[in-house]
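The structure under discussion appears below in the form of structure tokens.
The values are calculated or read from the model by the stated rules, or taken from the named source; none is laboratory data. Note that the structure is predicted; figures quoted are calculated from it, not measured. Note: ideal-geometry Cβ built from the backbone for every residue, glycine included; neighbour counts use all protein chains shown. Accessible surface is based on the protein model in full, side chains and every heavy atom, while ligands, DNA and RNA are left aside. Shrake-Rupley method; radii C 1.70, N 1.55, O 1.52, S 1.80 Å.
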Amino acid sequence: MSPDSIVFHIFVIFTGSAILATFALYARQALLVGYIVWGIVLGPSGFALISNTDVVNDTAEIGIIFLLFLLGLSLQPQDLLHTIRKTTVVTVTSSLVFAIVGFSIVYAFGFNFRESLLIGASMMFSSTIIGLKLLPTTVLHHKHAGEVMVSILLLQDLIAIVILLIIQGWSKEGGASLIDIGLLILGLPGLVGFALLFERFVLVKLIRRFDKIQEYIFLVTIGWCLGMAELAKLFSLSHEIGAFIGGVVLASSPIARFIAESLKPVRDFFLVIFFFSLGANLNL
């Protein structure tokens with residue numbers, strides 16, 4: 001079996017992760033600790049058994065997309081809007097506080113003004129994937145604390161997109177283009193509007209007509225999830241936001257619970273690869 005083949009990659013990732021995950025459970029640690037450690041061991045800074053991490057990295061992003069899609073499936077649209085309205089002030093305030101503190105510390109250590117701004121901006125954000133993965137499922141899906149956390153992380157993603165657009169403008173002569181700014185302003189409401197219309201007039205009707213064919217429901221759901229993720233990217237948004245919106249508009253469907261249960265194994269498969277790639281990219 002060639003070390004560069006995808007089959008070999010999957011073999012070593014899951015066999016080793018299963019072993020280290022067992023040790024992690026005996027040590028009362030989260031499973032993802034085992035995945036990350038195994039990535040460090042096999043990555044370029046370890047034994048370099050997987051020296052080219054590009055394929056693994058690209059595959060790993062799908063796990064985040066499915067995670068946010070399934071999370072959206074468990075949140076009713078009206079509940080999400082209500083929670084976001086309550087958490088906007090908290091999110092903006094906390095982000096500004098962390099940015100100012102981060103900027104002040106690194107500026108005091110001799111970094112220039114522009115470098116300090118970048119480091120301060122990076123201090124504003126939490127890791128969406130790690131935060132959602134570590135939170136127990138019962139809290140994440142069924143308790144108010146989980147809804148608040150999700151809304152804060154999503155708002156942070158939107159702030160990150162704005163900051164990335166500003167940074168991109170710095171690197172270009174004349175700043176960010178009007179097209180980029182227009183896509184950002186119209187992207188989110190446009191994406192939500194398309195998702196609502198398509199779900200109401202196309203997607204739900206297809207699901208109701210062929211709901212007895214489970215394979216078809218599974219196929220259409222994956223296509224909808226990944227399609228919304230890619231469409232969000234075209235609107236200068238992130239894949240994760242698109243997948244989350246795709247899940248939210250389906251949350252009111254009576255088949256949402258079946259879809260969620262069907263996709264959980266797929267999500268977990270790609271999340272193992274994600275945390276492995278996280279460890280493999282660490283340069284010790």
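Structural remarks
- The set of residues in segment 15-55 being open to solvent by 60 Å² or more (accessible area, probe 1.4 Å) and under 24 Å from the mean Cα position of the chain (by Cα) consists of 29, 31, 37, 52, 54, 55.
- When residues of segment 122-144 are limited to those that are of a type in the set (A, V, I, L, M, F, W, C) and either open to solvent by 70 Å² or more (accessible area, probe 1.4 Å) or over 19 Å from the mean Cα position of the chain (by Cα) (or both), the one modelled with the highest pLDDT: 123
- Of all the criteria given as (1) in contact with a Phe, Trp or Tyr (Cβ under 9 Å, 6 or more places away or on another chain); (2) within 27 Å of residue 193 (Cα to Cα), the one not satisfied by residue 275 is (2).
- Of all the residues in segment 102-117, those that are of a type in the set (A, V, I, L, M, F, W, C), surrounded by 12 or more Cβ atoms within 10 Å (Cβ to Cβ) and part of a helix (DSSP H, G or I) number 4.
- Some residue of segment 232-241 being acidic (Asp, Glu), in contact (Cβ under 8 Å) with a residue 24 or more places away in the chain and farther than 19 Å from residue 9 by Cβ: yes
- Residues being under 24 Å from residue 262 (Cα atoms) and within 20 Å of the chain's Cα centre (by Cα) - total across segment 181-231: 12
- Every residue from segment 214-244 that is open to solvent by 10 Å² or more (accessible area, probe 1.4 Å) and at pLDDT 90 or above: 215, 216, 218, 219, 220, 222, 223, 224, 226, 227, 230, 231
- Residue identified as at pLDDT below 90 and open to solvent by 30 Å² or more (accessible area, probe 1.4 Å) among 10, 64: 10
- Qualifying residue in segment 69-89 (condition: surrounded by 12 or more Cβ atoms within 10 Å (Cβ to Cβ), more than 23 Å from the chain's Cα centre (by Cα) and at pLDDT below 85): no
- Output for segment 64-97, where each listed residue is charged (D, E, K, R) and in contact (Cβ under 8 Å) with a residue 24 or more places away in the chain: 79, 86
- Of the residues making up segment 38-83, those that are of a type in the set (D, E, K, R) and within 30 Å of residue 145 (Cβ to Cβ) number 2.
- The condition of being open to solvent by less than 60 Å² (accessible area, probe 1.4 Å) and at pLDDT below 70 holds for only one of 191, 155, 184, that being 184.
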